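*Asks:* Please read through the structure below; I'll follow up with questions.
The values are calculated or read from the model by the stated rules, or taken from the named source; none is laboratory data. Please read these numbers as outputs of a predicted model, since none were measured by experiment. Virtual Cβ from ideal backbone geometry, glycine too; neighbours counted across all protein chains shown.
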Number of protein chains: 2
Amino acid sequence: MSPTAQRQTAEERREAVLEASRKEFAEHGLHGASTDVIARAAGISQPYLFRLFGSKKELYLESVRRCFDRTLETFRTAAAGSAGHEALRAIGLAYGELIESDRVLLQAQLQAYAGCDDPDVREVVRRGFGRLVDYVEAVSGASPADVSAFFATGMLYNVIAAMEIENSDEPWARLLCEGCRGH
Amino acid sequence: MSPTAQRQTAEERREAVLEASRKEFAEHGLHGASTDVIARAAGISQPYLFRLFGSKKELYLESVRRCFDRTLETFRTAAAGSAGHEALRAIGLAYGELIESDRVLLQAQLQAYAGCDDPDVREVVRRGFGRLVDYVEAVSGASPADVSAFFATGMLYNVIAAMEIENSDEPWARLLCEGCRGH
DNA sequence: CACATAAGTGAGTTATCACTTACAAGTGAG
DNA sequence: CTCACTTGTAAGTGATAACTCACTTATGTG
């Protein structure tokens with residue numbers, strides 16, 4: 001800490017750490033991420049990170065929660081004012097734009113799914129995903145088959161985006177993207 | 001190596017290492033896995049692992065290739081003798097059974113998707129996924145929309161299995177699984 | 001000004017990381 | 001038997017991992 005630096009509240013620092021951890025966890029996952037890198041990026045020392053969050057895993061879980069919160073918020077904003085299948089379509093479009101513009105969020109989600117063999121991670125992912133499903137069902141009033149088809153398309157789109165084949169000219173890639181846009 | 005142990009060919013050892021690495025990489029991903037743990041599980045010293053594969057990443061890439069090979073083989077076996085939408089249904093069922101019975105394979109796939117921000121991993125995943133799409137399209141003759149809906153359902157099923165909500169009694173979980181079974 | 005409390009870090013802990021070097025021993029061919 | 005080749009490891013490299021301890025310094029309040 002430089003001598004002229006102003007102190008911040010613990011809450012402000014927590015925010016800074018969570019923001020910094022987004023990228024690191026998205027790129028390397030829970031096990032691969034470095035608390036030292038995160039602390040540096042947040043502008044604090046590594047010991048202070050542990051004072052604020054207790055452990056690397058606690059920080060990760062909070063980071064995953066934020067990730068789902070962000071997605072739900074996007075859903076809400078997109079669906080505002082519409083209902084039924086119109087809302088479904090609006091949410092789908094907004095989600096596509098979201099992960100197209102924020103690859104960090106996309107990576108973070110994929111890491112969270114991959115991290116699901118850890119019970120604590122799984123629990124957080126379940127809660128986050130559950131809230132998304134609940135919301136989509138409530139706002140659209142669609143049938144179980146339609147709601148699950150909606151999320152299926154979303155999961156495929158995640159993988160398409162991860163593989164970065166949106167603009168590929170390979171036949172299988174074009175087929176997959178074309179078919180996906182149809183939904 | 002115990003004094004009575006028989007020597008094996010390098011090829012046999014490579015197989016043993018690849019088999020051992022499956023689990024470790026599936027659980028922890030490329031960055032989180034330990035070459036020491038893998039070598040021990042394969043019954044060799046850690047230095048020899050590096051002689052056989054060059055680097056941790058090379059081993060990982062080979063492991064991911066195997067993962068997709070295994071899935072494609074399952075597809076082929078399932079579709080044998082059928083065609084059209086009948087083949088699609090047979091492959092879907094076989095895939096469901098595959099990841100239900102082999103959680104390691106499921107985890108390995110999710111880790112591979114999450115690892116896609118690394119260009120080398122992405123390239124291997126692209127190739128593997130592409131072969132799956134090519135095969136499914138060829139054997140089923142289905143439309144792009146149907147093929148992509150098929151893979152979308154598969155991706156959702158991956159996440160359902162990862163979250164372990166197949167037998168959950170939460171409403172959103174039942175809705176998602178029910179809708180998914182309908183496809 | 002004094003004092004409790006909160007913010008923040010330097011220096012260390014032990015363990016493990018990927019990877020290398022140098023060397024030993026089994027094995028098949030001539 | 002011998003010699004080239006392959007299989008295999010013991011012992012180490014420096015770097016970095018998560019996390020702790022002892023300590024300092026700023027800040028709001030009476």
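*Asks:* Suppose we filter segment A:172-183 for residues that are part of a helix (DSSP H, G or I) and touching a Ser or Thr at 6+ places or on another chain (Cβ under 6 Å); how many remain? Step through it out loud before you land on a result.
*Replies:* Taking segment A:172-183 first, the residues part of a helix (DSSP H, G or I) are A:172-181.
From the residues that got through so far, the ones that are touching a Ser or Thr at 6+ places or on another chain (Cβ under 6 Å) too are A:176, A:179-180.
Counting residues in segment A:172-183 that are part of a helix (DSSP H, G or I) and touching a Ser or Thr at 6+ places or on another chain (Cβ under 6 Å) gives 3.
*Asks:* Would you be able to tell me the number of residues in segment A:134-155 that are under 15 Å from the mean Cα position of the chain (by Cα) and not aromatic (Phe, Trp, Tyr)? Before you say what the answer is, go through the steps one by one.
*Replies:* From segment A:134-155, those under 15 Å from the mean Cα position of the chain (by Cα) are A:151, A:154-155; that's our starting set.
Applying the additional criterion that residues be not aromatic (Phe, Trp, Tyr) yields A:154-155.
Counting residues in segment A:134-155 that are under 15 Å from the mean Cα position of the chain (by Cα) and not aromatic (Phe, Trp, Tyr) gives 2.
*Asks:* Here is a further query. Regarding residue B:120, is this residue surrounded by fewer than 16 Cβ atoms within 10 Å (Cβ to Cβ) and within 16 Å of DNA strand C (Cβ to nearest atom)?
*Replies:* Numbers: surrounded by fewer than 16 Cβ atoms within 10 Å (Cβ to Cβ): yes; within 16 Å of DNA strand C (Cβ to nearest atom): yes.
Considered against the rule, which asks whether it is surrounded by fewer than 16 Cβ atoms within 10 Å (Cβ to Cβ) and within 16 Å of DNA strand C (Cβ to nearest atom), residue B:120 comes out as yes.
*Asks:* Looking at B:62, B:86, can you tell me which residue is in contact with a Lys or Arg (Cβ under 9 Å, 6 or more places away or on another chain) and in a helix (DSSP H, G or I)?
*Replies:* On the way: B:86 fails: in contact with a Lys or Arg (Cβ under 9 Å, 6 or more places away or on another chain).
Sole residue among the options that is in contact with a Lys or Arg (Cβ under 9 Å, 6 or more places away or on another chain) and in a helix (DSSP H, G or I): B:62.
*Asks:* Look at segment A:47-87 and say how many of its residues are closer than 20 Å to residue A:106 by Cβ, within 14 Å of another protein chain (Cβ to nearest Cβ) and within 16 Å of DNA strand D (Cβ to nearest atom).
*Replies:* 2
*Asks:* Moving on to the next point. Could you give me the residue pairs with C-beta distances under 6 Å whose first residue belongs to segment B:40-51 and is touching a residue at least 24 places away in the same chain (Cβ under 8 Å), whose second residue is within 10 Å of DNA strand C (Cβ to nearest atom) and of a type in the set (A, V, I, L, M) wherever it lies, and which are 6+ apart or on separate chains?
*Replies:* Going by the 6 Å Cβ cut-off, the qualifying pairs are B:49/B:39.
*Asks:* Inside segment B:141-171, can you point out the residues that are more than 7 Å from chain A (Cβ to nearest Cβ) and outside any helix (DSSP H, G or I)?
*Replies:* B:141, B:142, B:143, B:166, B:167, B:168, B:169
*Asks:* Go over the candidates A:87, A:10, A:16 one by one and state the one that is more than 16 Å from DNA strand C (Cβ to nearest atom) and farther than 23 Å from residue A:118 by Cα.
*Replies:* Values: A:10 fails: more than 16 Å from DNA strand C (Cβ to nearest atom); A:16 fails: more than 16 Å from DNA strand C (Cβ to nearest atom).
Selected residue: A:87, the only one of A:87, A:10, A:16 that is more than 16 Å from DNA strand C (Cβ to nearest atom) and farther than 23 Å from residue A:118 by Cα.
*Asks:* Across segment B:167-183, what is the total count of residues that are surrounded by fewer than 16 Cβ atoms within 10 Å (Cβ to Cβ) and in contact with a helix residue (DSSP H, G or I) (Cβ under 6 Å, 6 or more places away or on another chain)? Spell out the reasoning first.
*Replies:* Going residue by residue through segment B:167-183, those that are surrounded by fewer than 16 Cβ atoms within 10 Å (Cβ to Cβ) are B:167, B:169-171, B:174, B:178, B:181-182.
This time we only want the ones that are in contact with a helix residue (DSSP H, G or I) (Cβ under 6 Å, 6 or more places away or on another chain), so: B:178, B:182.
So the answer is 2.
Each row is one residue, and each column tells you yes or no for (1) outside any helix (DSSP H, G or I); (2) among the small types (Gly, Ala, Ser); (3) in contact with a strand residue (DSSP E or B) (Cβ under 6 Å, 6 or more places away or on another chain).
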position	(1), (2), (3)
B:20	no, yes, no
B:25	no, no, no
B:30	no, no, no
B:44	yes, no, no
B:48	no, no, no
B:57	no, no, no
B:71	no, no, no
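*Asks:* As an exercise: evaluate residue A:138 against (1) within 20 Å of residue A:91 (Cβ to Cβ); (2) in a helix (DSSP H, G or I); (3) in contact with a helix residue (DSSP H, G or I) (Cβ under 9 Å, 6 or more places away or on another chain) and give the number of the one condition it does not meet.
*Replies:* Against the list (1) within 20 Å of residue A:91 (Cβ to Cβ); (2) in a helix (DSSP H, G or I); (3) in contact with a helix residue (DSSP H, G or I) (Cβ under 9 Å, 6 or more places away or on another chain), residue A:138 comes up short only on (3).
*Asks:* Somewhere in segment B:74-83, is a residue in a helix (DSSP H, G or I), buried (at least 22 other Cβ atoms within 10 Å of the Cβ) and hydroxyl-bearing (Ser, Thr, Tyr)?
*Replies:* No, there is no match, as no residue in segment B:74-83 is in a helix (DSSP H, G or I), buried (at least 22 other Cβ atoms within 10 Å of the Cβ) and hydroxyl-bearing (Ser, Thr, Tyr).
*Asks:* If only one of A:174, A:131, A:126 is within 9 Å of another protein chain (Cβ to nearest Cβ) and over 14 Å from the mean Cα position of the chain (by Cα), which one is it? Break it down into steps so the answer makes sense when it comes.
*Replies:* On the way: A:131 fails: over 14 Å from the mean Cα position of the chain (by Cα); A:126 fails: over 14 Å from the mean Cα position of the chain (by Cα).
When all the criteria are applied, what remains is A:174.
*Asks:* Determine whether residue A:33 is free of Cβ contacts under 8 Å to residues at least 24 places away in the same chain, closer than 27 Å to residue B:111 by Cα, surrounded by 13 or more Cβ atoms within 10 Å (Cβ to Cβ) and within 14 Å of DNA strand C (Cβ to nearest atom). If you could, list the steps in order and put the result at the bottom.
*Replies:* Numbers: free of Cβ contacts under 8 Å to residues at least 24 places away in the same chain: no; closer than 27 Å to residue B:111 by Cα: yes; surrounded by 13 or more Cβ atoms within 10 Å (Cβ to Cβ): yes; within 14 Å of DNA strand C (Cβ to nearest atom): yes.
Judged against the criteria, residue A:33 is not a match.
*Asks:* With the structure loaded, tell me whether residue B:98 is away from DNA strand D (no atom under 16 Å from the Cβ), in contact (Cβ under 8 Å) with a residue 12 or more places away in the chain and within 14 Å of another protein chain (Cβ to nearest Cβ) or whether it fails that test.
*Replies:* Details: away from DNA strand D (no atom under 16 Å from the Cβ): yes; in contact (Cβ under 8 Å) with a residue 12 or more places away in the chain: yes; within 14 Å of another protein chain (Cβ to nearest Cβ): no.
Taking the combined requirement at face value, the residue does not satisfy it.
*Asks:* Right, here's the next one. I'd like to check something: does segment A:95-102 contain any residue that is under 18 Å from residue A:18 (Cα atoms), of a type outside the set (Lys, Arg) and modelled with pLDDT of 95 or more? I'd like the intermediate steps shown before the answer.
*Replies:* Filtering segment A:95-102 down to residues under 18 Å from residue A:18 (Cα atoms) leaves A:102.
From what is left, the residues that are of a type outside the set (Lys, Arg) are A:102.
Subsequent filtering for residues that are modelled with pLDDT of 95 or more retains A:102.
Within segment A:95-102, one or more residues are under 18 Å from residue A:18 (Cα atoms), of a type outside the set (Lys, Arg) and modelled with pLDDT of 95 or more.
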